[in-house]
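What follows is one structure encoded as structure tokens, with my remarks underneath.
The values are calculated or read from the model by the stated rules, or taken from the named source; none is laboratory data. Everything numeric here is computed off the predicted structure, so don't read it as measured data. Positions of Cβ are backbone-derived with ideal geometry, glycine not excepted, and every protein chain shown enters the neighbour counts. The area values use the complete protein model at the heavy-atom level, side chains included, leaving out ligands, DNA and RNA. Shrake-Rupley method; radii C 1.70, N 1.55, O 1.52, S 1.80 Å.
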Amino acid sequence: YTAKRTDREYSIFSTDLDTHTIEQLSLLSDLRDTLVHDKLILYYQPQMDMKTKKVVGVEVLSRWIHPLQGYIPPDIFIPMAEQNGLMKKLTLWVLEKALHQSKKWCEEGLNLHISVNLSASDLQDFHLPDNVQRILYKYNIDPKTLTLEITESLIMSDPVRAMETLKHLSSMGIKLSIDDFGTGYSSLAYLKNLSVDEIKVDKSFVMDMTEDKNNEIIVRTIINLAHNLGLRVVAEGIEQKGVWNKLVDLECDIAQGYFLCAPASAESFYNWYIERELF
Ligand code: C2E
Ligand code: MG
Ligand code: MG
Ligand code: MG
């Protein structure tokens, strides 16, 4: 395992574990241990403004390298943390590390927006806004430069309580983004009631949109919807130049995907950024 590898090179961890097998219980205890000992790793994936061609921010993605099993994808360990009461701790850990990193980059002249993913239990946690506030204050970071990504299903699981937490976060100046847009069951009403700033078109529509006419129509429609509501649109999962060009035509605001850069360690991202932006 090296930081230079792309996500695609990792082996896929088996997903067919039954709940409560010995393996899973031991993995859970390993995850707990990993959190306690500060052993998760944060990767950063650049987001580029499609008009100015400037890198404007990064999405923070958690990585877990298990000492015996190797790479375990977040699609395995995030739900595991969520179902076992570890999510609150994980989210605060991620925010703490990511905003610390952001401050260090700031001191080196890199002014980047930071996007962090939230999970269902985060929105049920009334202490989240105060905790976020405390970390922002600790690293002297402008709340406007922090985006919190939530999914439609997160809101829909307990809309009233979720709305309350989101309103509080938004009143602090933090930006809110709807991740994986188009894949969840949801009402479009929350888009106008909620102080959402950004929509991320799910990668399943973006990846093959130059080959699949229906996906192109869906992406086009989401971009128009967002713009009509005064929201910014991010396309995730851009893997090919053709898709990139198509999204420029459709006036998509922000681009994210392997075509630009895969998620990378702080150091690899920094080197990539310096080479790209300064030379
Ligand atoms: P997401 O938030 O939708 O993140 C985007 C995912 O797409 C990431 O997968 C990223 O590596 C992948 N990706 C980026 N560009 C491309 C591309 O061009 N093609 C393809 N096929 N994929 C691309 P990753 O890192 O495996 O994370 C999966 C999910 O796990 C994330 O989806 C997010 O929901 C969750 N996750 C990851 N880190 C965290 C975290 O720290 N906290 C929480 N709550 N969730 C996290
Ligand atoms: Mg995300
Ligand atoms: Mg997404
Ligand atoms: Mg996703």
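Under the simplified labelling scheme, the residue 138-residue 41 pair shows an inter-label distance of 2.3 nm, with each label point 7 Å from Cα along Cα→Cβ. Computed from label points 7 Å out along Cα-Cβ, the spacing between residue 212 and residue 75 is 1.4 nm. For the options 197, 75, 180, a Gaussian network treatment of the chain with springs between C-alpha atoms closer than 10 Å singles out 75 as fluctuating the most. Once the C-beta distance of residue 56 and residue 32 is scaled by a Förster radius of 41 Å, the resulting FRET efficiency is 0.70 to the nearest 0.05.
Counting Lys and Arg as +1 and Asp and Glu as -1 over every other residue whose Cβ lies under 13 Å from the Cβ of residue 26, the net charge comes to -2.
Residue 275 exposes around 130 Å² of accessible area when a 1.4 Å probe is run over every protein chain in place. The modelled label-to-label distance between residue 197 and residue 248, using points 7 Å beyond Cα along the C-beta direction, is 2.7 nm. Pop the C-beta distance of residue 277 and residue 96 into the FRET formula with R0 = 30 Å and round what comes out to the nearest 0.05. The value I calculate is 0.65. Between residue 227 and residue 164, residue separation times 0.36 nm minus the direct Cα-Cα distance comes to 20.2 nm.
Rounded to the nearest 10 square angstrom, residue 156 shows an accessible area of 70 square angstrom against a 1.4 Å probe. Span-like helix check, the chain: qualifying full DSSP H segments, with Cα axial length of 20 Å or more and mean Kyte-Doolittle of -1.0 or more, are 22-36, 87-107, 213-228. Would you compute the Debye intensity of region 63-156 from its alpha-carbon atoms alone, equal scatterers and no solvent, and pass along log10 I(q)/I(0) at q = 0.10, 0.15, 0.16, 0.21 Å⁻¹ to two decimals? Those come out to -0.30, -0.66, -0.74, -1.11, one per q. Measuring nothing but alpha carbons in the chain and taking Rh as the Kirkwood radius, the Rg to Rh ratio lands at 0.94. As a length-normalised measure over Cα pairs under 8 Å and 6 or more apart, the relative contact order of region 145-232 settles at 26 percent. Sorting 63, 161 on solvent-accessible area from highest to lowest, probe radius 1.4 Å, gives 161, 63.
Pull out a ≥ b ≥ c, the square roots of the eigenvalues of the alpha-carbon gyration tensor of region 151-279, then state rounded if a/c is under 1.5, prolate if not and a/b is larger than b/c, and oblate in the remaining case. Oblate shape, in that a/c is at least 1.5 and b/c is the bigger or equal ratio. A 1.4 Å probe over all protein chains sorts 121, 153 by accessible area into 153, 121, starting with the largest.
Short-range pairs are left out: with C-alpha atoms under 8 Å and at least six residues apart, the relative contact order of the chain is 19 percent.
Take the Cα coordinates of region 91-144, assign each an equal point scatterer, and use the Debye formula without solvent to give log10 I(q)/I(0) at q = 0.21, 0.24, 0.26 Å⁻¹. Here log10 of I(q) over I(0) equals -0.77, -0.96, -1.08.
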